[in-house]
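The values are calculated or read from the model by the stated rules, or taken from the named source; none is laboratory data. Quantities reported herein were computed from a predicted structural model and do not represent experimental measurements. Don't worry about glycine lacking a Cβ; one is built from the backbone with ideal geometry, like all the others, and counts go over all protein chains shown. These accessible areas exclude ligands, DNA and RNA; they are computed on the full protein's heavy atoms, side chains included. Shrake-Rupley method; radii C 1.70, N 1.55, O 1.52, S 1.80 Å.
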Amino acid sequence: MTIRRGILGLILVLCGGLVLRAQAPGDAAAGDPTANAEQQKVKTLLQQMIQALGGDAWLNAPGYELVGRTSGFYQGRPTGAIADFFDYRQPPDKERVELGKKRQVYEIYVGDQGWEVTYTGKHAIPKVEMDDYLRRRNHSVDAAARIWMKDPGALYLYGGQEQVERRLADKITILSSTNDNLTLDLDANTHLPVRRSFEWRDPLYKDKNVEGEEYDDYHKLNGISTPFSTTRYHNGDMTNQRFLYNVTYGGAIPAEMFDVNAAVQKLKK
């Protein structure tokens with residue numbers, strides 16, 4: 001009996017340890033009034049951000065089209081790569097980008113897969129580029145509202161106010177239950193996001209990288225606020241700029257728009 005009790009006690013201790021570790025984020029906040037107030041402050045700011053972006057109209061938009069021009073940079077200097085684009089999106093994980101004025105190149109993303117489509121056929125997007133795309137999508141402003149805020153084990157941190165391109169902004173960080181991170185700077189007056197950033201560690205070289213995007217020139221269309229200027233950074237260096245000409249919010253994007261084989265046939269005609 002003594003041995004059995006000893007084994008049972010050991011099991012309870014081990015299980016208790018697992019429970020404590022699983023509940024650690026919530027327990028840390030539950031016992032600290034200051035932490036609770038900080039959590040609530042950040043959640044309120046996030047709700048204000050959602051309302052500023054358009055509230056339910058933004059959250060429930062079945063699909064939209066972005067038309068504009070994109071430019072590439074390397075170490076902050078223009079590469080000369082400039083292209084018109086027509087970007088069709090259906091949240092949460094479908095996107096089709098048609099590049100060039102004549103739309104001779106398509107990029108189609110469905111779930112965690114992506115293809116480049118030209119008149120020669122379809123080709124899987126290289127893993128390095130696909131990983132970069134998925135990281136940006138999983139740390140987007142859309143993902144913050146649709147995924148991160150629904151994580152019951154997430155922690156919300158308030159970083160105070162700072163200047164972002166001459167605008168005063170509230171800096172907030174969400175730490176997920178899987179130890180991922182997402183930081184947003186929200187305009188102190190409008191509550192619109194002016195910057196998004198996150199850190200990730202390179203699996204090969206083990207060094208830490210910081211990805212960032214800054215948003216400007218917001219326009220409200222159909223009740224939804226959209227930045228017409230987006231600048232992307234990698235470890236502080238500008239890598240891409242995108243300027244929009246037009247945004248259309250409407251019904252769901254037709255399913256064939258995300259059919260890779262249908263896209264191949266369209267370009268071959």
Q | For the chain, alpha-carbon Rg over 2.2 N^0.38 Å | A | 1.20
**Q.** Two-site label geometry, ASP237 and TRP200: point separation in nm, points 7 Å out along Cα→Cβ
**A.** 1.8
Q) Taking a label point 7 Å from the Cα of SER71 along the Cα→Cβ vector, which residues of segment 84-102 have an amide N closer than 18 Å to it? A) 84-86, 100-101
(Q) If I build a Gaussian network model for the chain, linking alpha-carbon pairs within less than 10 angstrom, which residue out of LYS43, LYS94, LYS150 has the largest mean-square fluctuation? (A) LYS150
Q. Quick one: net charge of PHE228's neighbours, Cβ under 12 Å, K/R +1, D/E -1?
A. +1
(Q) Less than 17 Å from a label point 7 Å out along the Cα-to-Cβ axis of ASP216: which backbone N atoms in segment 225-251 qualify, by residue? (A) 226-234, 236-245
Q) Setting aside same-chain residues fewer than 8 positions from LYS43, which aspartates and glutamates have a Cα under 18 Å from its Cα? A) ASP27, ASP32, ASP56, ASP142, ASP151, ASP170, ASP180, ASP185, ASP187
Q. If a helix is a whole DSSP H run, which ones in the chain reach 24 Å or further along their own axis (Cα) and hold a mean Kyte-Doolittle hydropathy of at least 1.0?
A. 2-30
Q | the chain, accessible surface, carbon-and-sulfur percent (1.4 angstrom probe) | A | 54
Q: Compute the accessible area per residue over segment 42-118, keeping the other protein chains in place, probe 1.4 Å, unit Å².
A: 49
Q: Run the 1.4 Å probe and let me know the accessible area of THR34, rounded to the nearest 10 Å².
A: 100
Q.
Using 0.36 nm times the number of residues separating ALA81 and THR118, minus their current alpha carbon distance, what extension gain do you get?
A. 11.5 nm
**Q.** Nitroxide proxy distance, nm - points 7 Å out along Cα→Cβ at GLU165 and LYS266
**A.** 3.1
